[in-house]
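Step one of this worksheet: look at the structure below.
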2 protein chains.
Amino acid sequence: MKDIVVDLIRRDTDYAFRFMAQLTGAYSGGGRLSARVLAKDNEVSYSLACKILQKLAGAGLVESTMGPKGGFRLAKNPETIEFKQIIEAVQGPVSVNKCLMGDYQCPLKGKCPAHPKMAVLQSQINGYLKKLTLQEFISGE
Amino acid sequence: MKDIVVDLIRRDTDYAFRFMAQLTGAYSGGGRLSARVLAKDNEVSYSLACKILQKLAGAGLVESTMGPKGGFRLAKNPETIEFKQIIEAVQGPVSVNKCLMGDYQCPLKGKCPAHPKMAVLQSQINGYLKKLTLQEFISGE
DNA sequence: ACCAAGTAGGACTACATTAGTCCGAGACGA
DNA sequence: TCGTCTCGGACTAATGTAGTCCTACTTGGT
């Protein structure tokens, strides 16, 4: 059997977690971290770091300041940032199955016995990801 | 924002569910269903159906009989088949993050604060997928 | 006023995975 | 021994992911 793996969390998103973790550390001090520093500290290329940070900024999770002495910082208190928001900002919504997406028309719609079970799993996952805040995520417990 | 979606369950696997569902219906009667019938009834090409059924057979979930009047049937009682087994037979193990796979060496191993949280989510998902049997999956409740 | 340090953001490329097809070979019943 | 059926690998097209590159824009310091 091949070593196929289905990941819920992509690599981009994993990088985003590290950035957010580092930004959380700097949050109380109020200081900004430049994309270059974040990239270097987390062993990600600068270009890619920019791309990911842009997505986070677009979702309103971080704020950017241009120019020298500029950089990024958390836009909100880390206790109010949901884990789910980070994931969705970078890689889009997570679903168990296409059938559960709003706009997808499953050919077995209505008569598919699997549907309700999938929905249960979906809501469990969503619940966990929403409940978990960035702050909790970072701190040991 | 693009309409990216991360799916836990791939299309192959979805087809496999339908096959298994149909085979469950025929199970008590003891009859076999040919790959051609399964393909047609579920609107999947014959070639692809064969491929998926081979995977299911390889995992010991269905039995095949060659020759005319041959076909597939469940290898076990549908109450003893775990949902998770079907998924893994077709698309391989499901993981939340590569970090949680045994053979992957995360560069932040040990000091990564995210690790334990991911592990919790992982085990929740696994637990649900293992607990759910094919029989429960098929029947309304 | 200008330059350097920084972000913004789209275009582009290489690569991996997925979904699906095709075809020859083996098995079995009539 | 013929037709129907599964077996199973090789192959292909399409899609998605990861990452790079380049240019434009912003702002603080001198």
Q: Spot the failing condition for B:Asp7; the list is (1) surrounded by 18 or more Cβ atoms within 10 Å (Cβ to Cβ); (2) within 12 Å of the chain's Cα centre (by Cα); (3) within 11 Å of DNA strand C (Cβ to nearest atom); (4) closer than 17 Å to A:His115 by Cβ, and only one is missed.
A: (2)
Q | Any chance A:Asp14 is within 16 Å of DNA strand D (Cβ to nearest atom) and closer than 24 Å to B:Asp7 by Cβ | A | yes
(Q) Among (1) away from DNA strand C (no atom under 12 Å from the Cβ); (2) away from chain A (no Cβ under 13 Å); (3) open to solvent by 40 Å² or more (accessible area, probe 1.4 Å), there is one condition B:Pro68 misses while meeting the rest; what is its number? (A) (1)
Q) Among the numbered criteria (1) within 13 Å of DNA strand C (Cβ to nearest atom); (2) over 13 Å from A:Leu134 (Cβ atoms); (3) more than 12 Å from every other protein chain (Cβ to nearest Cβ), which single criterion is violated by A:Gly30? A) (1)
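The values are calculated or read from the model by the stated rules, or taken from the named source; none is laboratory data. Bear in mind that the values here come from a model prediction, so they are computed numbers and not experimental data. When we count neighbours, we look across all protein chains shown, and the Cβ atoms used for this are built from the backbone with ideal geometry, even at glycine. Keep in mind that these areas ignore ligands, DNA and RNA; they rest on the heavy atoms of the full protein, side chains included. Shrake-Rupley method; radii C 1.70, N 1.55, O 1.52, S 1.80 Å.
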